[in-house]
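The values are calculated or read from the model by the stated rules, or taken from the named source; none is laboratory data. Since this is a predicted model, take the numbers as computed values, not measurements. Backbone-built Cβ (ideal geometry, glycine too); neighbour counts: all protein chains shown.
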Amino acid sequence: MTIRTIRRYTLTTLMLAMASTLSAQDLIARQAPIDVKLKAVDSITLNKIRKQELLINPSTDLYTSWNNKAVFCYSDDEVPETYKIDLRGFAMPTTSRKINSHVGYRPQFRRMHKGLDIKVYTGDTIYAAFSGKVRIRAFQPTGFGNVIVLRHGNGLETIYGHLSKHLVSEGEIVRAGQPIGLGGNTGRSFGSHLHFETRLVGALIDPEELFDFPNQDIKCDYYIFRKHGKNTKGEKNLNTSSQALAVATASSQTEEDNKNQDDKLIGKFYKVNAGENVSSIARKLDISVERLCNANNISRSTRLRPSQILRY
Ligand SMILES: [Zn+2]
């Protein structure tokens, strides 16, 4: 072997080695985004599973039992001292803006009125206020009449009384804004209306603290329930999660999912027009369908109502 040959040999080996190193780096470089993509897909799938679990077994941190017979069934459960209720992802139970009767003592009946009466006509559609599961579908002739009780992932239970018709079955999973019944005048009712209650482990919360029917909106993003002392409304559009609130957090996963988006997109609302759907609105707002869905706890196929308020 001449020196020249040795040199040539070494050079070839060197070049080969360099080439193989380059191609390996190239491979790693190509692979990295795939890994990132896979991780993103993983977390999306995981979040979907978590959200699904929340719907199948809503608020198991608060409720130990699932009772299909009694509207009030909380003897085994304790009302928490404080609880942070996530109101995002709401839908208005009715498009009616007229309140007939508030929560409070009624001297003529010598009893407390524990719900909010909203004027609806017989046959008007009543919608699920949040996503959740149907706990009660019953007829109580001397009380609520045809009644639906839903349990939600944010800790709340909502009660819809005096319906003329049920549209959902016991145990059914419902999405916020899904029709669950028709307005009516059944049970202890004088004139068609919706009797609407919002409760946390049976403890009454005035629905007007949460929902603004005249303006068809919620009063706050988060509502801090306090067993003793004054309840506080999470200031609207303020990311209260950044405050040091020593409270149990409802559906913290969903909150975490949406937090980053909310940080960027605080206080933007969109009122749905007739004929619009999730995709067309996302296009119009120039945001992804996924972002719109996450911010409102809805899915791509959720049917939207005209005048429904979406957050983005
Ligand atoms: Zn009532």
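Being away from the ligand (no atom under 16 Å from the Cβ) and of a type outside the set (V, I, T) is a property that does not hold for K114.
From the list H166, H152, the one residue that fits, being away from the ligand (no atom under 14 Å from the Cβ) and within 13 Å of P58 (Cα to Cα), is H152.
Considered as a group, the residues in the stretch 280-312 that are among the basic types (K, R) and part of a helix (DSSP H, G or I) include one that is surrounded by the most Cβ atoms within 10 Å (Cβ to Cβ), and that residue is R291.
When we screen I298, I287, I281 for residues that are modelled with pLDDT of 80 or more, among the hydrophobic types (A, V, I, L, M, F, W, C) and touching a Gly at 6+ places or on another chain (Cβ under 9 Å), the only hit is I298.
Among the residues of the stretch 113-128, at least one is under 22 Å from A203 (Cβ atoms), at pLDDT below 95 and either more than 17 Å from the chain's Cα centre (by Cα) or crowded, with 16+ Cβ neighbours inside 10 Å (or both).
Looking for something within 16 Å of the ligand (Cβ to nearest atom), in contact with a Gly (Cβ under 8 Å, 6 or more places away or on another chain) and of a type in the set (A, V, I, L, M) - is there at least one such residue anywhere in the stretch 95-111? Yes, the conditions are met somewhere in the stretch 95-111.
The single residue among D117, D86, D61 that is of a type in the set (D, E) and within 18 Å of R188 (Cα to Cα) turns out to be D117. If you go through the stretch 181-195 and keep only what is surrounded by 23 or more Cβ atoms within 10 Å (Cβ to Cβ) and either part of a strand (DSSP E or B) or within 12 Å of the ligand (Cβ to nearest atom) (or both), you end up with G181, G184, H193, L194, H195. The number of residues in the stretch 129-149 that are part of a strand (DSSP E or B) and buried (at least 20 other Cβ atoms within 10 Å of the Cβ) comes to 11. When H162, H152 are checked against the criterion of being under 24 Å from I205 (Cβ atoms), crowded, with 23+ Cβ neighbours inside 10 Å and touching a residue at least 60 places away in the same chain (Cβ under 8 Å), H152 stands alone in meeting it.
A single member of S101, S96, S75 is among the small types (G, A, S) and within 23 Å of the chain's Cα centre (by Cα), and it is S96.
Out of K133, K119, one residue alone is touching a residue at least 40 places away in the same chain (Cβ under 8 Å), more than 16 Å from the ligand (Cβ to nearest atom) and closer than 21 Å to H162 by Cα. It is K133.
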